[in-house]
Amino acid sequence: MTYVQLNHDFIKFIDPELYASVLDKKDDGDCVLRLQLICERFLSVYLKERIAPENIEFFTSGKGKGAEILRHFNERLTTAVASGLPAELARPLKHLNKIRNEFAHNLDYEIKDADMTKYFDLVDAFTIDVGTPHGLEGNVKDFQIHINGEITKTSDNFQAGFTAATYALMTKAGIWLANDLNKRGQLNLGRPLQ
């Protein structure tokens, strides 16, 4: 199989190193904040691809490299959904943001098993059929990841679970976005990778 470079900013939300650094922090609140920021990067990349260049000024704040497409997560999410983002992808993003807000605004907040289960279910509900297995089929709660040489089941460890679920969600989002760009004739492919 030949792989090709995608000339889009996908690395901003699917780079495995981003997720490895989340696990290095060993703090639940920091984990949720960092994962939500990664998801926010996805929304920014998506909106950058969807908003016509001649209209971008109506969606940005700031100037130059510091310019942002919209300022708040919910603004980005609702604009993305209005621009064609599937609701099945938006729901887990919204739920993760809700959990992030709980950590940010409630000093005593502790993650609940129900929140973790709901997030897993929402991530599982967003499916991508590309005609061939992509490795993220199945239930997130059954995934296993390697942390410091040990295998950890996602349902047994909050940080491992949320990190693996978000990685699965963002990777599926990347696959969906590549297909969406291709359908619209906007997928920009680079040279073959060795």
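Does the range 57-73 include one or more residues that are surrounded by 10 or more Cβ atoms within 10 Å (Cβ to Cβ) and within 16 Å of A168 (Cβ to Cβ)? No, because not a single residue in the range 57-73 is surrounded by 10 or more Cβ atoms within 10 Å (Cβ to Cβ) and within 16 Å of A168 (Cβ to Cβ). Of all residues in the range 153-171, those being out of contact with any Asp or Glu (no Cβ under 9 Å at 6 or more places or on another chain) and over 15 Å from P16 (Cβ atoms) number 3.
Looking only at the range 38-56, decide whether some residue is touching a residue at least 60 places away in the same chain (Cβ under 8 Å), hydroxyl-bearing (S, T, Y) and over 20 Å from D180 (Cα atoms). No, that holds for no residue.
For the range 150-175, what are the residues that are of a type in the set (F, W, Y) and open to solvent by less than 40 Å² (accessible area, probe 1.4 Å)?
Listed by number, the residues that qualify are F158, F162.
Do you know which of the residues in the range 112-135 that are within 21 Å of L77 (Cβ to Cβ) and of a type in the set (A, V, I, L, M) is most open to solvent (accessible area, probe 1.4 Å)? Across the range 112-135, the extreme among qualifying residues is A125.
Filtered by the rule that a residue be of a type outside the set (D, E, K, R) and either more than 23 Å from L181 (Cα to Cα) or not in a helix (DSSP H, G or I) (or both), the range 10-27 gives F10, L18, Y19, A20, S21, V22, L23.
Checking F143, F103 one by one, the residue that is open to solvent by 30 Å² or more (accessible area, probe 1.4 Å) and in contact with a strand residue (DSSP E or B) (Cβ under 9 Å, 6 or more places away or on another chain) is F143 and no other. Among the residues of the range 176-194, those that are surrounded by fewer than 16 Cβ atoms within 10 Å (Cβ to Cβ) and either touching a Phe, Trp or Tyr at 6+ places or on another chain (Cβ under 9 Å) or within 26 Å of A114 (Cα to Cα) (or both) comprise P192, L193, Q194.
Of everything in the range 97-152 that is without any contact (Cβ under 8 Å) to a residue 12 or more places away in the chain and among the aliphatic types (A, V, I, L, M), the residue that is nearest to L169 (Cα to Cα) is A114.
A single entry from L136, L189, L122 fulfils the requirement of being at pLDDT 85 or above and either among the hydrophobic types (A, V, I, L, M, F, W, C) or at positive phi (or both): L122.
The values are calculated or read from the model by the stated rules, or taken from the named source; none is laboratory data. These numbers come from a predicted model, not from an experiment. Glycine also receives a Cβ, built like all others from the backbone with ideal geometry; neighbour counts cover every protein chain displayed. Surface areas here come from the heavy atoms of the whole protein model, side chains and all, with no ligands, DNA or RNA. Shrake-Rupley method; radii C 1.70, N 1.55, O 1.52, S 1.80 Å.
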